[in-house]
Amino acid sequence: MVGHVAVGGGLNGTTVSPVVVQSMTNTDTADAQATIAQVYQLWQAGSEVVRITVNSPEAAAQVGTIRKGLDALGCPVPLVGDFHYNGHKLLQAYPECAQALAKYRINPGNVGKGSKRDEQFAAMIEAAIQYQKAVRIGVNWGSLDQAKMAQMMDDNGKSANPLSADALMREALIQSALESAQQAVDLGLSPNQIIISCKVSNVQDLVLVYQELGNRCDYPLHLGLTEAGMGSKGVVASTAALAILLQQGIGDTIRVSLTPEPTESRTKEVVVAQEILQTMGIRSFTPLVTACPGCGRTTSTYFQELALQIQTWLRNQMPVWRSQYPGVETLNVAVMGCVVNGPGESKLANIGISLPGTGEVPVAPVFVDGEKTVTLKGDHIAEEFQQIVDEYVRTHYAEGGKLHAAKPGVIPILAI
Ligand code: SF4
């Protein structure tokens, strides 16, 4: 679907629905307690939909327990079941699983081979109709329907104007998704229950595929660069791909498929997805800290430490603040390293602090809504500045207080 938007004044100006942040667990779904814990953690970080693997009878048997466990924790986050190969059997054999999930992800390339493919696909769609669930037709180039690809290569070879191998692959992805969606509609699933994704791991291919999908269908689109990778490469590649498409109004739900480093939290993919949307001005999730990069004018690491401390503290407050102080997610805090840009940048933020650079008088003026208020000095600048931020939040965003943002959008069923 082209023309998503943007809560709080977005790219296109008109409000349709917010772009939804998704994530996926990496626990064994058969381990209900571990999965509950990770889904809860992802939700606390801000994930609005969480996908879980449903790959075996043992996993399917635990989905109802996982749903109940999350409900008992007050965590209503919708769960998407990720099915490959045996989804038709699992949805039939485990009705509690079929009921507990909000959406079924079906990969047309992994539904079944030959004559069984249509029958097994139909069984999953029938379950979605019976339980009134959304379906994501989720094509992935790593598991593209091989029979379809072989047929298209054959036809392409005979064509007077054959497509390049890359273009043929992109076309195969798109056709696989759209034909499967049409098949689901023909089986009786409402088009309003369908969302599509066509994931590839190359930025330019992803952009071309989704631009074409946006032109060729009205289904909501789930965006994600598959297998984005680890560390900064994964973040940069995902951001590059998603930003181009989001800027064009393409994309209704997003996921950043990072490979966590061994000790890294799974929640990083949620933070990155949120930061893509927030830094693009599409949605706000968490107060952001503007910090200068530092240079030879500030040779201590103090301002870096303060910026990190404040950003971490702000993010940690959000599970409570989100409901307690509506609009707080748009708060902007500046932590600057010296007098060159410090006062100017601090005045532009809701709250800013300009720390002393090397050789400057060891004082730190604080600006609130553009006005200089106090000047901090001594050994407790960090704690005192945090108190000022806390006080600002309590007085400016309390219920009935001054709201700085649009009301949070309601997540439509399609985007689940
Ligand atoms: S604000 Fe000061 S310390 Fe920070 S980058 Fe600019 S000149 Fe350097």
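The values are calculated or read from the model by the stated rules, or taken from the named source; none is laboratory data. Owing to the predicted nature of the structure, the values given are computational and were not obtained by experimental measurement. Note: ideal-geometry Cβ built from the backbone for every residue, glycine included; neighbour counts use all protein chains shown. Note: areas computed on protein heavy atoms with side chains; ligands, DNA, RNA excluded. Shrake-Rupley method; radii C 1.70, N 1.55, O 1.52, S 1.80 Å.
List of remarks:
- Selected residue (criterion: nearest to the chain's Cα centre (by Cα)) from residues of the stretch 303-331 that are surrounded by fewer than 16 Cβ atoms within 10 Å (Cβ to Cβ) and under 18 Å from ALA364 (Cα atoms): LEU308
- Those helices (runs of 4 or more DSSP H) lying entirely in the stretch 144-261 with at least 3 residues in contact with a Lys or Arg (Cβ under 7 Å, 6 or more places away or on another chain): 165-186, 203-216
- Sub-8 Å Cβ pairs linking a first residue in the stretch 52-65 that is at negative phi to a second residue that is part of a helix (DSSP H, G or I) and charged (D, E, K, R), at least 6 apart or interchain, are VAL63/GLU96; GLY64/GLU96, ordered by first then second residue.
- Test: residue in the stretch 368-380 that is within 16 Å of the ligand (Cβ to nearest atom), under 38 Å from the mean Cα position of the chain (by Cα) and either assigned to a loop (DSSP other than H, G, I, E, B) or in contact (Cβ under 8 Å) with a residue 12 or more places away in the chain (or both): no
- The lone exception for ALA45 - which of (1) within 18 Å of SER323 (Cα to Cα); (2) in contact with an Asp or Glu (Cβ under 8 Å, 6 or more places away or on another chain); (3) modelled with pLDDT under 95 it fails: (2)
- Here SER284 passes the criteria (1) farther than 30 Å from GLN248 by Cβ; (2) buried (at least 20 other Cβ atoms within 10 Å of the Cβ); (3) not β-branched (Val, Ile, Thr) except the one numbered (1).
- Selected residue (criterion: nearest to the chain's Cα centre (by Cα)) from residues of the stretch 27-84 that are charged (D, E, K, R) and not in a loop (DSSP other than H, G, I, E, B): ARG51
- Condition check for GLU264 on (1) outside any helix (DSSP H, G or I); (2) under 21 Å from CYS198 (Cβ atoms); (3) open to solvent by 10 Å² or more (accessible area, probe 1.4 Å): one failure, at (2).
- The criterion of being at pLDDT below 90, among the polar types (S, T, N, Q) and away from the ligand (no atom under 16 Å from the Cβ) does not hold for THR298.
- Residue selected from the stretch 344-361 under the condition more than 38 Å from the chain's Cα centre (by Cα) and within 10 Å of the ligand (Cβ to nearest atom), by the criterion surrounded by the fewest Cβ atoms within 10 Å (Cβ to Cβ): THR358
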